[in-house]
Amino acid sequence: MNSIRLFTSNRMEKLTEALAKILFTPLSDPLAQEVVIVPNRGVERYLSLNLSRMLGVWGNFRFTYPDNFIEGAITKLIQDLPETKPFNREVLLWRIFSILRERIDRDEYKEVSRYIASAYDGEGSLYSLSERLTNIFELYQVFRPEMLKGWEEGVEPEDWQSSLLRELVRGAPGSDRAFRMRALDALPDDFVAPHGALPERVALFGVGLLAPSRLATLETLSRWCEVNLFVVNPSRHFWGELLSPKEAAAISERSDSDESSLHLENINPLLASNGRLGREFISELSERVPDVVELFEVPEGATLLEGIQREILELEGSGDLSWKADASISLHSCHGKMREVEVLHDNLLQYFEEIEGLAPSDILVATTDIEAYAPYVEAVFGGVPRDSNRYIPFSIADRRAVSESGLMEGFLALLEIPGSRMTLSSVVDLLECDSLRRAFEIEEDELPLIKRWLEETRVRWGMDGDHRASLGFEPFQENSWRAGLKRLLLGYAIDGSKGGGYPFFNGVLPHEGVFGSGAAVLGRFVEFAEALFSLAKDCKAPRAPGSWADLFRSALRTFFAVSEEEEHEAQPIRAAFDELLRIEGDAGYKGSLNFSTVREHLKGALGGVEFGGGYAVGKVTFSAMRPLRQIPFRVVALLGMEDAAFPRKEVALGFDRMHLRPRRGDPSRREEDRYLFLELLLSARERLYLSYTGQSVKDLTESQPSLCVSELMDFLDERGGPRLSCEITVYERLQGFSPEYFKADSSLFSYSEENLEGAKALVSGRNAVPPFSTVAIEEGHLGEVKIINAAELAEFLINPAKYFIKRRLRVDLDIYTREAEESELFLLDSLDRYKVADAIISLGEKGVTDAVEELLKGEGLLPVGEMGRVAYEVVQDEVRALLSRSIPFLECAELEPKAYEFKSSALLLKGTLARITPKGLYTLRPGSIRAVDKVKWWVNHLILNALQPEGAALETTLLGRDETYAFRPLAQNEAAELLGNLLGIFERGIGEALAIFPRASIAYVEKILKGDEVGAMNAAMGKWRDSKRGKGEIYQGEGRDPYFARAFPMGPEGAAEFKALALASFGRLVELGEKRK
């Protein structure tokens, strides 16, 4: 006789009390364990807390999951059954892969063969197909056991899935679930269960959906043990034939009678539309379990939320069509996930004020994608100081381990390198992993130096030429890792700048940027790079699974120094390696595997790992929607309820037999989501908070809420009039500092003090931005900055903010603005042409005239191959044209260089002025004359006029590609005085950031000297801001410079000393400068 009972209620609290009463009755064996079957850890946690509270002390119990219990029970009852391992997911996948790989050329598998033949990666596609088939065959075992039995007996012999099933069963007869369930059903009525095979009683609690075959198995097991089912049922009345509007319309279409005569009235559209899977499950339970204990409780309150729950429970309309809006249900339309979380935080703070005794643990926040929302939750909720009255304790559950583990993330990133292009960013990004850096003793503050070396040696992608050839590209060495590392190592070994005018060594151009302690950093980075290259080579050839496991264990030891705190993160990785070993043993796979296939397997294995936790006591719980779907909370908030995300779309494979011929009780992602929404609605006790992205952050494009939400709003409008849903819908503003949140007569609100300050600023106008430097750094901190030369003075005047921030504060803002280039040059754009032309001119000035093209190729300034030769010739012609304009200067013999020294109170300007000709100083610019060029040569011009060397004209000429700019002579004493003024400005700039911006400052001075004081600041701001050129091209303003922007965010108009400094620095520059033909 079966001993199975069904306890059903609309409240999980009632079911928990009923379970506690049963557990209070002791088992006949005082040492026996109580067994409770739960669907997930969330329900397990809920029962642990509540049963301990109800029973006082609750011990000697065991939680398990439905499949684990059923398979374990069958094994213990029928002890001669084969083990289930061959049909366990991780083994079944490789068995399917092995069979398809061996038999893919047979006629019955020609459909699979065509699919694989059309794929780019044959073995990878076969693995992907095997994964999908594993999922389907797992479902077949539970939802189509009779179909598998038919296939096993030879039905549909030509069908490739039927053939595959027979091969699987032939390799492990009696191990599949379908066979085991049939074996259980075949036990005679007088079968006596072995002693201790089954627990005395078992409780199935909180399982919202269960396959009909699994339910039948529990019914069979109830012959030998007491089975108690605790199931949440939305309605106390029979609703097995309740039809959704869509189902009713389909029936009406197929019938000749009208809808009213068919009695297809929809009593409760919410239950009918969202409850299809629950309806089928409850109906199956009703047919199989006659012993039912009903524990329903009618919500007595008058809120909208309780009214909805009451109508669902009673399966009838209330007759009251005058429902009024209240705070129990609210819908919030936001601009993106960040705003959703920000608005939620404010609303939860309001709930704590409004709801008496509300604790953080009484709140559930369920999201459609916990991985996507977790960073925003940590930023918003974790960004509030713990000692603030706005701090809300929270925990995030159900996150994948790879999202929380830097070690696992680093290892998976490492696996992406072999077989890839090995781009600059993909390799350098590996060094962001703390464990990996520790393994090679590379410090975090050394990364900017390493990145600068790689940029300067123009590493782009590819280990070397052979590696590029293996990927189907030309086998050139330029811009590869090997080429860049050779240049760096050779640059330290020899001084490339002293190579007798030809700095190549064995065809390699040394890089001059490695010296001193940088050599140790380079050595450690090269060790890392060589280990990476070695791993990439080791992964080229196919290997047996066991060999791959050994290789990956070695890689884990080589690339990661696992600390004690990270040991729990390393365990799943090592377990994945062990699983590779079992492929040969348990799955019987004998062949080799490509790296890409093994990598996908490891990504899948590690991607499914969860560390658990997150269900903390005393905190708001953020989780995915499924785990806590039926657990009661005083406040339930649902985030991400837009139509595109929820319910999920149904994606079925063409060969899925369940999809082709569906049955009652079949799983459906979309229908499961809809029932999940219904369960969460019923689990809310006082507040149901709904949120979705209703407007785009970029262009304010509107998006629709989820179909489930829309149907809920329609239901409310039917009960309270067409305005009811509008009254509970809040359209949030784009920014949290919108003044609307802080107006007394506004329905919007915010608790954010920071946003309040922002709103005040918007209303009252912006306050002056506080200066970057308020107090100058004392001169005692000057240190080595005592003697400077003309180049350093010019560097300072070109960007004083950069000089101060980078040299004195030792902060490099460039690392935040650089984007790694990952493509080698193919064509020279205007900027590239300028770089090459400038390099040709600079080399010529140094006396380097031979092998210039090779030198530029070595620097990575030219495209590879014939395109580089052509580009060099084009630029060389442009340089020749520019040089022709300098013939008057070249015809004059250069005068002897002149040493100079100019002192200020704390500085000494000292150096040698070269390139003096009888016609004065000159320089060549393979482009237009820029403000920075004028500033640089203005310093040299002042030195020239202060020295006034014999036989030299006291002019300085800048020869551009299409223009000429010159500085006229000035008196010797004035030049010395102006140099002294610049040194005084430099001395100030050592201790504080000064508002000198070459382009803006010169534009300002030009207007002032013309008497246009009104237009002067406009001209300066015009140079500061971006401007448009022809064809929509944006010309970046001076304000784009990260140092200027950081020190002076408002630009010239917000800098108090800008005007005075501009005139003091560049007043005479503008007066003496002139364009010439």
If amide hydrogens are placed 1.01 Å from N in the peptide plane, which non-local residues have theirs closer than 5 Å to the one on Asp326? Leu304
Where GluC sites (Glu not before Pro) in DSSP loops with at most 11 other Cβ within 10 Å are excluded, longest remaining stretch of the chain: 444-649
Report the paramagnetic label zone for Asp814: residues of region 1038-1077 whose backbone N is under 14 Å from a point 7 Å from Cα along the Cα-to-Cβ axis. 1041-1044
Excluding Glu795 itself, what net charge comes from residues whose Cβ is under 10 Å from its Cβ, given Lys and Arg +1 and Asp and Glu -1? +2
Everything considered on the Cα gyration tensor (a ≥ b ≥ c; rounded for a/c under 1.5, else prolate if a/b is larger than b/c, else oblate), region 421-538 must be described as oblate
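For region 919-1026, rounded, prolate or oblate, judged on the Cα gyration tensor with a ≥ b ≥ c (square roots of eigenvalues), a/c < 1.5 rounded, else prolate if a/b > b/c?
oblate
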Please identify the trypsin sites (Lys or Arg not before Pro) of region 377-416 that satisfy two criteria: DSSP loop assignment and at most 10 other Cβ atoms within 10 Å. Which are they? Arg386
Do any of Lys698/Lys1023; Lys786/Lys903; Lys936/Lys1077; Lys540/Lys603 go past 20 Å between their Cα atoms, and which? Lys698/Lys1023; Lys936/Lys1077
For region 275-286, take each phi angle, set θ = phi - 60°, evaluate the Karplus expression 6.51 cos²θ - 1.76 cosθ + 1.60, and give the result in whole Hz per residue in order, putting x for glycine and proline. x, 4, 5, x, 4, 5, 5, 5, 5, 4, 4, 4
In nm, what is the difference between 0.36 nm times the number of residues separating Asp159 and Ala520 and their Cα-Cα distance? 123.5 nm
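So how do Asp838, Asp673 line up by other beta-carbon neighbours within 10 Å, fewest first?
Placing the least packed residue first, the sequence is Asp838, Asp673.
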Pop out the ³J(HN,Hα) list for region 708-722 in order, Karplus 6.51 cos²θ - 1.76 cosθ + 1.60 with θ = phi - 60°, rounded to Hz; leave Gly and Pro as x. 4, 5, 4, 5, 5, 5, 4, 4, 5, 5, 5, 8, x, x, x
Those aspartates and glutamates that a straight Cα-Cα span of less than 17 Å connects to Lys934, excepting residues fewer than 8 apart in one chain: Glu792, Glu795, Asp838, Glu955, Asp962, Glu963, Glu1006, Glu1038, Glu1071, Glu1074
Using the Cβ atoms and a cut-off under 11 Å, what net charge is assigned to the surroundings of Glu1053, where Lys and Arg are +1 and Asp and Glu are -1? +2
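How do Met408, Met463 rank when sorted from fewest to most other Cβ atoms within 10 Å of their own Cβ? Don't skip to the answer; put the middle values down first.
Numbers: Met408 24, Met463 20.
Least crowded to most crowded, the residues run Met463, Met408.
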Show that you can apply the helix-only estimate: for the chain, add -39,500 (n - 2.57) for every DSSP H stretch of four or more residues, divide by all residues, and state [θ] at 222 nm to the nearest 500. -14500 deg cm²/dmol
Under 5 Å, built H, 5+ apart or other chain: amide partners of Arg930: none
Using the Karplus curve 6.51 cos²θ - 1.76 cosθ + 1.60 with θ = phi - 60°, work out ³J(HN,Hα) for each residue of region 794-810 in order, rounded to whole Hz, and write x for Gly and Pro. 5, 4, 5, 5, 5, 7, x, 5, 5, 4, 5, 5, 7, 8, 8, 7, 6
Assuming 0.36 nm per residue, please report the length gained on full extension of the stretch Arg661 to Asp190 beyond their Cα-Cα distance. 165.8 nm
Among DSSP beta bridges lying fully in the chain, give the percent that are antiparallel, nearest 5. 30
Val292's amide H: which non-local residues (gap 5+, or another chain) put their own amide H closer than 5 Å, with H modeled 1.01 Å from N in plane and none for Pro or chain starts? Leu6
Determine the shape class of region 265-420: with a ≥ b ≥ c the square roots of the Cα gyration tensor eigenvalues, call it rounded for a/c under 1.5, and otherwise prolate if a/b is greater than b/c, oblate otherwise. oblate
For region 416-473, what's the relative contact order in percent, using C-alpha pairs closer than 8 Å and at least 6 residues apart? 47
Just rank Val635, Val651, fewest to most, by other beta-carbon atoms within 10 angstrom. Val651, Val635
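Rule-based calculations on the coordinates, nothing more; no lab input. Note that the structure is a prediction, hence the values are computed from the model and not measured. A quick note on method: Cβ atoms are made from the backbone with ideal geometry, for glycine too, and the neighbour counts reach across all protein chains shown.
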